[in-house]
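Engineer: Starting off with a structure, shown below.
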Amino acid sequence: MVLVFVRSRSLLAGGVSLCAPGVAVQADQSRAEGGEVMPTKAKEQNIEQLVEMLGRSEAVFICEYRGLTVKKMTDVRSRVRKAGGEIKVAKNTLMRIALERAGLPTVDPYEQGPNAYVFAYGDVAAVAKELRDYSKEKGNEALVIKGGVMGKDLLSKDQVMALADLPSREVLIAQVVGTMAAPLRGLVTVLSGPARGLVTCLSQIKDKKENAA
């Protein structure tokens, strides 16, 4: 138990209660025997929800949304949902715990600032494309794509952008139907499964663009 002493009447965040001078109140956290701060019940529920969302996702993208209005956040949520994704605003510390529990890499380089985590449940490229297109529209500069996680790999911003450049699964299949019958079987297998094997391809696309420039 952590005790906090307040010298004057104040509204305590988390406890939401008024305390007289010198009154000890229990903070909204607890500690294990080793001194490690343990999540409260509410935080634990949030972590469990994040772990469940990670388990259903092919990828998760990290975006900073500082300065984004409520209306604009509602707009981008709607567009991402139509593309097969979901936006979840979560504390970076809770997301770190959720990623660790899910056996995924943490996103240390992207933890600064308020982050929105974008879960791609189906077509990863479609969700990445919506994020990229929205962030490039006039007035939406406050939405900044930082990177992401796909499988066991940490994605850079450039890799997310390269992913957004890829055609949808349906378009890729349509482009090769009738011309690449044998290779198509392998392509369909890749496209119908998790998109996590695309990380290497994304790096190659990024390198080609840099060489062309």
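FYI, it's all coordinate maths here, none of it is from the lab. Remember, predicted model here, so these are calculated numbers, not experimental data. All Cβ positions, glycine included, derive from the backbone under ideal geometry; neighbour counts span all protein chains shown.
Engineer: Hey, what do the phi angles of segment 156-168 turn into as Karplus ³J(HN,Hα) couplings, whole Hz, using 6.51/-1.76/1.60 and θ = phi - 60°, x for Gly and Pro?
Structural biologist: Listing the rounded values in order: 7, 4, 4, 5, 5, 5, 5, 5, 5, 7, 6, x, 5 Hz.
Engineer: Can I ask one more? Can you check what the net charge comes to around residue 95, using other residues whose Cβ is under 12 Å from the Cβ of residue 95 (Lys, Arg +1; Asp, Glu -1)? Please list the in-between numbers first.
Structural biologist: On the way: positive: 43, 88, 91, 96, 101; negative: 100, 108, 111.
Net local charge, residue 95 excluded: +2.
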